[in-house]
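To start, the structure under review is shown below, and the notes come after it.
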Amino acid sequence: MGFVGRKFWNVFPLFEKKPPKADNLSCPVCGSKMYFKHAHAFKRSDGEYRMDIAVKCSNCALVLVFGVHITESEYKKFVEATGGTVTYADTNATV
Ligand SMILES: [Zn+2]
């Protein structure tokens, strides 16, 4: 089955506090552009690791959260580089 979400998301820009990249991500309600809101990595109670990636629609304000699988070593690198959370404000990105 592999790591869910990893074909869709490139999470590695987050390690440098840049927005993650997704293919053809548009709002399912109104079709407008969605922008990066925040990402947070965590360890689950069963010992697996996940990164929640939140995006927000620039038009209707819908927020979606993706629960992307990451490895233990990716988790540790991400926490070391960012403290475990990257927000839109951290990225200096424009909408
Ligand atoms: Zn929308």
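The values are calculated or read from the model by the stated rules, or taken from the named source; none is laboratory data. Bear in mind that the values here come from a model prediction, so they are computed numbers and not experimental data. Cβ atoms come from the backbone with ideal geometry, glycine included; neighbour counts cover every protein chain shown.
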Taking the stretch 1-49 and keeping residues among the polar types (S, T, N, Q) and part of a loop (DSSP other than H, G, I, E, B) leaves 24, 32, 45
Please indicate, with yes or no, whether at least one residue in the stretch 77-88 is of a type in the set (A, V, I, L, M, F, W, C) and modelled with pLDDT under 95.
no
Per the filter on the stretch 1-35, residues under 16 Å from residue 65 (Cα atoms) and of a type in the set (Phe, Trp, Tyr) are 8, 9, 35
- Query: Would it be correct to say that residue 43 is within 16 Å of the ligand (Cβ to nearest atom) and charged (D, E, K, R)?
  - Reply: no
Within the stretch 46-55, residues within 16 Å of the ligand (Cβ to nearest atom) and buried (at least 18 other Cβ atoms within 10 Å of the Cβ) come out as 55
Checked 68, 63, 11 against criteria (within 14 Å of the ligand (Cβ to nearest atom) and of a type outside the set (S, T, N, Q)); the one match is 63
Scanning the stretch 1-54 residue by residue, the ones that are farther than 20 Å from residue 73 by Cβ and in contact with a Pro (Cβ under 9 Å, 6 or more places away or on another chain) total 4
Flagged in the stretch 66-95 as surrounded by 13 or more Cβ atoms within 10 Å (Cβ to Cβ) and in a strand (DSSP E or B), in numbering order, are 66, 68, 69, 70, 85, 86, 87
Of the residues in the stretch 16-40, those that are surrounded by fewer than 18 Cβ atoms within 10 Å (Cβ to Cβ), away from the ligand (no atom under 16 Å from the Cβ) and of a type in the set (A, V, I, L, M, F, W, C) come to none
